[in-house]
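Only one structure is covered here, and it is reproduced in the block below.
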Amino acid sequence: MGENLTPKLAEWLGLVEGDEFEIDGSIYNPYKYIGGRFVDCAGDRMSQGCWLDDILNGYANLKKLPWKPKFGDTYCFVNASGRIDQTIDQTSFMFASDVANYLMGNCFRTPKEAELHKDEVLQKIKEVLG
């Protein structure tokens, strides 16, 4: 039996455990990378042949959906000065800053992931603040 390349494929696609994503035109959106495998909206293991071929050949796009921390999760975000900070999600109490960070796509699992998206987040902040 050959090596399971699913974790390497997930890494190549920029996905980490628990990430949700959509594939253009699929009726089985959203998909999830969980438990070292790809599953569709019903939790069924997805057939990797067709969608992977479409993505590799440029016929379809994979769009990673923003990660949403749950109440009490620690998450990283880019502040308005460009520094990477960490906080604990308090959205069950409706903290406006947590809601705003999520809506702007400014919630990240790790400082490294926040750093990768820093420029785009700062651009969004600049657009909002004028």
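Divide by every residue of the chain the summed helix terms, -39500 (n - 2.57) for each DSSP H run of at least 4, and state the resulting mean residue ellipticity at 222 nm, rounded to the nearest 500 deg cm²/dmol.
Result for the chain, helices only: -9000 deg cm²/dmol.
Within 10 Å, at most 14 other Cβ atoms, and a DSSP state outside H, G, I, E, B define an exposed site. Report the longest part of the chain free of exposed trypsin sites (Lys or Arg not before Pro).
1-69
In the chain, which longest range has no GluC sites (Glu not before Pro) that are both DSSP loop (not H, G, I, E or B) and surrounded by at most 12 other Cβ atoms within 10 Å?
18-130
Given that just one value was derived from the coordinates, which of [x] 2, 10, 17, 19, 16, 15, 11, 7, 2, 1, 0, 0; [y] 2, 12, 21, 26, 22, 11, 4, 1, 0; [z] 2, 10, 18, 22, 23, 17, 6, 2, 0 is P(r) over Cα pairs in 5 Å bins from 0, in percent?
This structure yields the entry labelled [x].
Computed FRET efficiency, Cβ-Cβ of THR6 and LEU56, R0 22 Å: what is it to the nearest 0.05? Walk me through the numbers before you get to the answer.
Values: r = 15 Å, r/R0 = 0.69.
Given R0 = 22 Å and the Cβ-Cβ separation, E is 0.90.
Just subtract the alpha-carbon distance of GLU17 and ASP85 from 0.36 nm times their residue separation and send over the number in nm, one decimal.
Gain on extension, GLU17 to ASP85, equals 22.3 nm.
With +1 on the Cβ of every Lys and Arg and -1 on the Cβ of every Asp and Glu, and nothing else charged, how large is the dipole of the chain about its Cα centre, in debye rounded to the nearest 20?
Dipole about the Cα centre, nearest 20: 260 debye.
Can you count the Lys pairs in the chain with C-alpha separation below 20 Å, eight or more apart or on different chains?
The number of close lysine pairs in the chain is 20.
No lab work stands behind these numbers, since they all come straight from the coordinates. Only a predicted model underlies this, so the values are computations on that prediction, with no experimental measurement involved. Counting neighbours? That spans all protein chains shown, and the Cβs are built from the backbone with ideal geometry, glycine included.
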